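To start, the structure itself, in structure tokens.
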């Protein structure tokens with residue numbers, strides 16, 4: 001059983017601005033964004049293409065740095081961290097699910113899920129137990145030895161979800177995780193993520209331009225032209241007691 | 001995991017990896033084969049010099065620099081004392097294979113019956129010692145060292161260079177083939193001379209070696225030398241053979257005789273001397289230790305004489321120059337092939353970075369540090385270098401095995417006999433290790449820059465890469 005705090009916000013963006021340089025032109029992507037991501041909630045970021053969804057997720061995921069403002073994730077001001085410290089921070093606290101799955105093609109499903117655990121230095125026997133459990137959770141135990149090229153899109157995304165959960169992150173960020181899936185498979189992936197979120201009380205935040213996903217969200221953030229257009233939060237009762245961690249039933253080891 | 005990932009990534013684009021490996025392997029094999037050829041030349045020359053002149057020579061200090069003008073002035077009296085000390089020393093007798101005196105001197109050699117003479121450089125040897133020296137073969141080199149014909153021959157026997165035989169008109173009595181004679185002007189056609197006048201003309205015309213005297217006398221050589229006090233002395237020698245000396249300059253002056261005969265010619269009834277004591281060791285790597293020991297011995301035996309101990313490299317500058325030439329060529333080839341390897345591996349790794357940009361972004365997002373990315377690509381370069389160098393070394397060894405069994409020959413400079421063309425690779429473990437490590441370092445360095453660039457990629461840009 002692992003202790004996951006469910007009271008403090010998992011991410012806070014305050015006065016955040018971000019722009020990109022395209023040739024000689026500076027293109028503002030996010031303007032003065034203030035947002036709070038609640039812990040153990042399923043947050044959906046909606047908005048049309050170019051609205052700044054991916055940029056916002058990149059900032060929350062510590063993949064990029066803002067030009068202005070502050071980004072606090074899991075209680076840590078990430079702007080202050082060096083590149084190495086930020087890498088370690090991401091490894092410990094954040095899981096990622098990508099639109100194109102981004103599995104490492106030369107590694108099997110098992111090894112892809114194992115990879116973050118290898119980086120953490122976990123001993124092989126424990127790694128193997130946890131990976132097996134995760135693959136079981138996403139329903140791919142029988143595909144453990146398959147390479148990504150031998151899996152369907154939906155299966156690959158489920159492996160990616162298992163990989164994102166491997167190090168028991170506080171936050172999982174999914175940038176348009178259903179964009180490359182058919183609607184049925186996409187719905188199944190969302191259901192899987194939702195199930196994981198509810199079971200392990202991890203914060204999930206994912207972006208989409210599919211308004212059909214509104215029903216799945218606890219919190220709904222709508223972006224337009226780099227600014228917050230609206231925030232809708234459902235009242236969700238959040239247990240404050242300890243909850244299961246994904247991947248094993250052992251004591252918390254990280 | 002890094003190594004496993006590196007190997008799997010290399011196997012992803014097999015054709016490209018194979019092309020890179022081939023470049024590396026061919027490069028490594030080329031370097032090693034040239035090195036093997038070069039090693040063969042080195043050991044052939046070394047063996048040749050050590051067989052003829054030993055590893056070390058004990059001389060009067062200035063003999064090497066000034067002795068060629070007047071060798072007899074540098075003769076060592078009481079050289080037997082030094083020889084005995086060297087042979088009986090408890091340390092040296094384990095290292096020394098042969099210790100033998102020689103006497104060099106200048107003189108004039110003449111063939112009276114042919115009416116020709118020339119300046120020569122005479123050397124007196126102990127023939128049995130020379131034959132023993134000729135059997136030395138530390139490096140298992142296939143070198144044709146014919147038996148020294150003076151062993152068992154009478155005291156007045158001599159061997160001359162083929163050039164001396166040619167100039168002194170001794171080719172015919174010695175049965176030397178391919179011995180050109182000076183071109184004679186064609187006699188003016190006219191009425192035939194009476195037979196008695198023709199015989200007389202033939203006997204006084206240079207270049208005519210078939211006079212009845214010459215045939216009857218065999219190959220006689222009159223050797224005139226200056227004794228210690230400047231008085232001339234002459235010895236009539238029976239030339240029993242002519243031996244090619246490799247270099248024309250030496251071939252045209254060399255006269256070799258028994259030491260005893262040479263000493264009698266140069267010193268008469270005075271105390272016999274030797275200009276050098278040649279020392280052949282069991283192993284070449286004993287040179288430093290033997291030199292030190294001999295110097296200590298000389299300081300004890302001959303405290304008032306300026307003696308020196310010279311090694312074969314000092315005595316044969318041509319050997320050192322040849323090695324330097326081959327070392328330079330080897331270095332040049334290594335740099336050339338190293339450059340090719342550098343660009344090949346670098347190109348391969350750069351292409352891999354471009355192809356795997358999204359993956360780089362992904363593993364960075366998951367938490368791999370920049371150093372992890374660098375390590376991954378450098379490991380790929382290392383694996384390429386390792387496999388390429390090992391395959392190259394194996395290919396070189398295999399080629400050497402085949403070439404060494406084809407019985408190919410070549411004629412090295414300074415040699416009269418063709419030598420077997422062999423590639424000495426297997427015995428050159430230092431060269432194999434050095435080349436392997438060298439190419440490995442180049443492969444790793446080649447991967448470093450693409451790896452550095454991969455590590456510096458911005459994660460979001462890498463993830464966006466199409």
Matching entry among B:51, B:15, B:61 (being at negative phi, away from chain A (no Cβ under 14 Å) and touching a helix residue (DSSP H, G or I) at 6+ places or on another chain (Cβ under 6 Å)): B:51
Matching entry among B:85, B:39, B:128 (being surrounded by 16 or more Cβ atoms within 10 Å (Cβ to Cβ), part of a helix (DSSP H, G or I) and assigned by TED's automatic domain parsing to the domain that holds residue B:165): B:85
Test: residue in segment A:48-60 that is more than 14 Å from every other protein chain (Cβ to nearest Cβ), part of a loop (DSSP other than H, G, I, E, B) and in contact (Cβ under 8 Å) with a residue 40 or more places away in the chain: yes
Identity of the residue in segment A:119-154, within 13 Å of chain B (Cβ to nearest Cβ), in contact with a helix residue (DSSP H, G or I) (Cβ under 9 Å, 6 or more places away or on another chain) and part of a loop (DSSP other than H, G, I, E, B), that ends up modelled with the lowest pLDDT: A:122
Condition met for residue B:372 (within 14 Å of chain A (Cβ to nearest Cβ) and part of a helix (DSSP H, G or I)): yes
Residue within segment B:403-416 that is in a helix (DSSP H, G or I) and over 17 Å from the mean Cα position of the chain (by Cα) present: yes
Matching residues, segment A:66-87, being buried (at least 16 other Cβ atoms within 10 Å of the Cβ) and facing chain B (nearest Cβ under 10 Å): A:86, A:87
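For every residue, the table says whether it meets (1) surrounded by fewer than 17 Cβ atoms within 10 Å (Cβ to Cβ); (2) within 27 Å of residue A:82 (Cβ to Cβ); (3) away from chain A (no Cβ under 14 Å); (4) modelled with pLDDT of 95 or more.
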site	(1), (2), (3), (4)
B:355	yes, no, no, no
B:361	no, yes, no, yes
B:364	no, yes, no, yes
B:367	no, yes, no, no
B:385	no, no, yes, no
B:389	no, no, yes, no
B:401	yes, no, yes, no
B:406	yes, no, yes, no
Selected residue (criterion: nearest to the other protein chains (Cβ to nearest Cβ)) from residues of segment A:155-191 that are surrounded by fewer than 19 Cβ atoms within 10 Å (Cβ to Cβ) and touching a helix residue (DSSP H, G or I) at 6+ places or on another chain (Cβ under 7 Å): A:180
Selection count, segment A:155-168, where residues are at negative phi and either in contact with a strand residue (DSSP E or B) (Cβ under 9 Å, 6 or more places away or on another chain) or outside any helix (DSSP H, G or I) (or both): 8
Selected residue (only one of A:116, A:105 is within 13 Å of another protein chain (Cβ to nearest Cβ), over 21 Å from residue A:188 (Cα atoms) and not in a helix (DSSP H, G or I)): A:105
Any hit, segment A:89-97, residues being closer than 17 Å to residue A:144 by Cα and more than 7 Å from chain B (Cβ to nearest Cβ): no
Checklist (1) buried (at least 22 other Cβ atoms within 10 Å of the Cβ); (2) over 30 Å from residue B:230 (Cα atoms) applied to residue B:146, failing item: (1)
Boolean, residue A:69 is in a strand (DSSP E or B) and over 17 Å from the mean Cα position of the chain (by Cα): yes
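Conditions (1) more than 20 Å from residue B:16 (Cα to Cα); (2) without any contact (Cβ under 8 Å) to a residue 24 or more places away in the chain; (3) not assigned by TED's automatic domain parsing to the domain that holds residue B:453, marked per residue:
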| site | (1), (2), (3) |
| --- | --- |
| B:345 | no, no, no |
| B:354 | no, yes, no |
| B:368 | yes, yes, no |
| B:379 | no, no, no |
| B:387 | no, no, no |
| B:392 | no, no, no |
| B:404 | yes, yes, no |
| B:408 | yes, yes, no |
The lone exception for residue B:74 - which of (1) in the same structural domain as residue B:142 (by TED's automatic domain parsing); (2) touching a residue at least 60 places away in the same chain (Cβ under 8 Å); (3) within 19 Å of residue B:286 (Cβ to Cβ) it fails: (3)
Flag if residue A:28 is away from every other protein chain (no Cβ under 14 Å), at negative phi, assigned to a loop (DSSP other than H, G, I, E, B) and in contact (Cβ under 8 Å) with a residue 12 or more places away in the chain: no
Residue list for segment B:231-259, restricted to those being touching a residue at least 24 places away in the same chain (Cβ under 8 Å), under 25 Å from the mean Cα position of the chain (by Cα) and not in a strand (DSSP E or B): B:244, B:245, B:246, B:247, B:248, B:250, B:251, B:252, B:253
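The values are calculated or read from the model by the stated rules, or taken from the named source; none is laboratory data. A quick note: this is a predicted structure, and the numbers were derived from the prediction, not measured. Virtual Cβ from ideal backbone geometry, glycine too; neighbours counted across all protein chains shown.
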